[in-house]
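The values are calculated or read from the model by the stated rules, or taken from the named source; none is laboratory data. Not measured: the values here are computed from a predicted model. Cβ placement follows ideal geometry from the backbone for every residue including glycine, while neighbour counts extend to all protein chains displayed. Protein only, heavy atoms only, side chains kept; ligands, DNA and RNA dropped before computing areas. Shrake-Rupley method; radii C 1.70, N 1.55, O 1.52, S 1.80 Å.
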Amino acid sequence: MKKFIATLGAFACFCGTAFAGPISQSGDFVLMSRDRFGLFVGSHKLFLQDSDGLKKVSYCNRDYYIRSKTVAWTQLESERGHVVRIELNYGRGWRPICDNPERQVTLQDIGVSMSAQEVLQSADESSKRQGRLSAVSRIFGTGGPEDEPSTYHTR
C-alpha cells in the first residue's frame, strides 16, 4: 500500500509540474470579476493585438490591448468588493494567471482624467448612438417600425 501511495504522490507531482509551464499564447484572456464566494459576476475581454480605440497596457509583465471602459470597470468592481483577476481559457476551463489588475493599471496610466463612473457613463451613451447606415435607412425608409412586417419577436 505504501508503494502505491508513493507512486500516486510521484504521479501527482509530475502532473502538477506538467501544467506549470509558460502561459499559452492562444486562448481567451479575460478580466474576470467574481464575488467573495468565487461566483462569476462579469468580465471584459483582453486583446492581444492592437485595434482602433484600444490602449496598450501591461498586467503581470504581459502586454494586452484594452478599452478605457475596461480599466474603469476593473476599478469599480474592486471597489464593490469583488475579486478581479486575469483568467485564461484555452479549452480546459478558466485558469487564473494574474491577480490585482486594478492596482497595476489605472485610468491615469492610460491618459484618462475622468472618474471610473464617468468613463462608464460616457461609454453607455456612445453605444446608444446610431450608425450612419441606420440613419440613412430611416430617412429613405417608408416609415417607422410599425410599417415593417412583424416577426415573432415584435408581436
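Quick check, is Gly81 part of a strand (DSSP E or B), modelled with pLDDT of 95 or more and either surrounded by fewer than 20 Cβ atoms within 10 Å (Cβ to Cβ) or small (Gly, Ala, Ser) (or both)?
Answer is no for this residue.
Suppose we filter segment 35-90 for residues that are within 12 Å of the chain's Cα centre (by Cα), basic (Lys, Arg) and more than 17 Å from Thr106 (Cβ to Cβ); how many remain?
Here the count works out to 1.
Can you tell me which condition Gly143 does not meet? The list is (1) open to solvent by 30 Å² or more (accessible area, probe 1.4 Å); (2) assigned to a helix (DSSP H, G or I); (3) at pLDDT below 75, and all the others hold.
Unmet for Gly143, out of (1) open to solvent by 30 Å² or more (accessible area, probe 1.4 Å); (2) assigned to a helix (DSSP H, G or I); (3) at pLDDT below 75: (2).
Please work out which one of (1) modelled with pLDDT of 95 or more; (2) open to solvent by less than 70 Å² (accessible area, probe 1.4 Å); (3) in contact with a strand residue (DSSP E or B) (Cβ under 7 Å, 6 or more places away or on another chain) is the condition Gly27 fails and give its number.
Every listed condition holds for Gly27 apart from (1).
Quick one: is Ser113 surrounded by fewer than 14 Cβ atoms within 10 Å (Cβ to Cβ) and not aliphatic (A, V, I, L, M)?
Yes.
Step by step: first the residues of segment 30-78, then only those that are among the polar types (S, T, N, Q) and open to solvent by less than 10 Å² (accessible area, probe 1.4 Å), then the one that is farthest from Gln121 (Cα to Cα). Which residue is that?
Residue satisfying both the conditions and the ranking: Ser33.
Hey, among the residues in segment 84-110 that are of a type in the set (Lys, Arg) and part of a strand (DSSP E or B), which one's farthest from Asp35 (Cα to Cα)?
Arg95
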